[in-house]
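Any read-out appearing in this document is the output of simple, stated calculations on the displayed coordinates, not a laboratory observation. Given the structure is predicted, the values throughout are model-derived calculations rather than measurements. Cβ sites come from the backbone with ideal geometry, for glycine too, and all protein chains shown count toward neighbours.
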């Protein structure tokens, strides 16, 4: 699966990401909405909005929502929601101070060049008292996806990608406190990923790889995923997302 790509890399896989992974983080998004009390009229900026699934959910809730993402092709997809979306990275948001009530970032903060700088920028655009609601993958040991990615890395004679500092228990909370934010709530949610068939499984896990590599690794992916078969030709990979909400001072 794509991880650590730059803006160009995310643009290259935008359509595939939207198809295969776009709705995947729904449980984390809903947890953030509940914890931040987002509802009709809440002014929300979703940073790293990707292909726009959270924007659509926020819009349908009645929030006044804007999106930002550094990958132009992702922005193009996100604008199909009818929501305003700008091309911008987490550390440089083109908005005045205090214009939002909540900033959200789902599976996005870990891609910032400097986590603290990004959180300071989030705090600037919400102003004192505003909320910052972030979520990302929990540590690899909690994710079936990581089992398959480890098998792929082994086949390529690579080391599995280590967990980043935001993934373990307490990681998000530590990052928020390091940015002088006041922790409000935190938790963890299940985030299962469903693949209807073998082709969907392989395309999802190897998103961003060329056809030759996909052909080479298909058997590795399907063998590693065998324990996760649903008995009907598809697969269910159980995963977890950590989330946290903090208040700007």
Q) Considering only the chain, what is the antiparallel percent among its DSSP beta bridges, to the nearest 5? A) 55 percent
(Q) Under a crude label model (7 Å from the Cα following the beta-carbon direction), how far is residue 120 from residue 178 in nanometres? (A) 1.3 nm
(Q) Mean-square fluctuation check for the chain, GNM, Cα pairs under 10 Å: which of 12, 190, 158 is largest? (A) 158
(Q) Output needed for segment 75-184: three equivalent-ellipsoid semi-axes, defined as square roots of 5 times the C-alpha gyration tensor eigenvalues, in descending order, whole Å. (A) 30, 19, 12
(Q) Compute the helix-to-body angle for 26-35: its Cα long axis versus the longest principal axis of the chain, expressed 0 to 90° and rounded to tens. (A) 20 degrees
Q. Got the relative contact order for the chain handy, in percent, Cα pairs under 8 Å and 6 or more residues apart?
A. 23 percent
Q: Mind computing the radius of gyration and Dmax over the alpha-carbon atoms of segment 90-249? Å is fine for both.
A: 18.6, 53
(Q) Please list, by residue number, everything in segment 64-92 whose backbone N is under 19 Å from a paramagnetic label point 7 Å out along Cα→Cβ of residue 15. (A) 71-81
Q.
Once the convex hull of the alpha carbons of segment 140-186 is built, what does its volume come to per residue, in cubic angstrom?
A. 70 Å³
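Can you give the helix-only mean residue ellipticity at 222 nm for the chain, where every DSSP H stretch with n ≥ 4 adds -39500 (n - 2.57) and the sum goes over all residues, rounded to the nearest 500 deg cm²/dmol?
-11000 deg cm²/dmol
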Q) By what distance, in whole Å, do the Cα atoms of segment 136-222 stretch along each of the three principal axes, largest value first? A) 48, 29, 20
Q: Just need log10 I(q)/I(0) for segment 190-239 at q = 0.17, 0.18 Å⁻¹, Debye formula, equal scatterers on the alpha-carbon atoms, no solvent, rounded to two decimals.
A: -0.47, -0.52
Q) Against the longest principal axis of the chain, how steep is helix 211-225, in degrees 0 to 90 to the nearest 10, with axes from Cα atoms? A) 90 degrees
Q. Where the Cα atoms of segment 17-81 are projected onto their three principal axes, how long is each span, largest first, in whole Å?
A. 30, 20, 17
Q. Hey, in the GNM for the chain with a 10 angstrom Cα cutoff, which one of 124, 79, 177 fluctuates hardest?
A. 177
Q: With label points built 7 Å along Cα→Cβ from the Cα atoms of residue 215 and residue 158, find their separation and express it in nm.
A: 2.0 nm
Q) Which one of 192, 94, 162 has the biggest mean-square fluctuation once the chain is modelled by GNM with Cα springs under 10 Å? A) 162
Q) Hey, fewest Cβ within 10 Å first, where do 222, 115, 213, 104 land in order? A) 213, 222, 115, 104
Q) In what order do 100, 24 fall by count of nearby beta-carbon atoms within 10 Å, going from fewest to most? A) 24, 100
**Q.** Spin-label pair residue 99/residue 141, simplified geometry with 7 Å Cα→Cβ offset, distance in nm
**A.** 4.4 nm
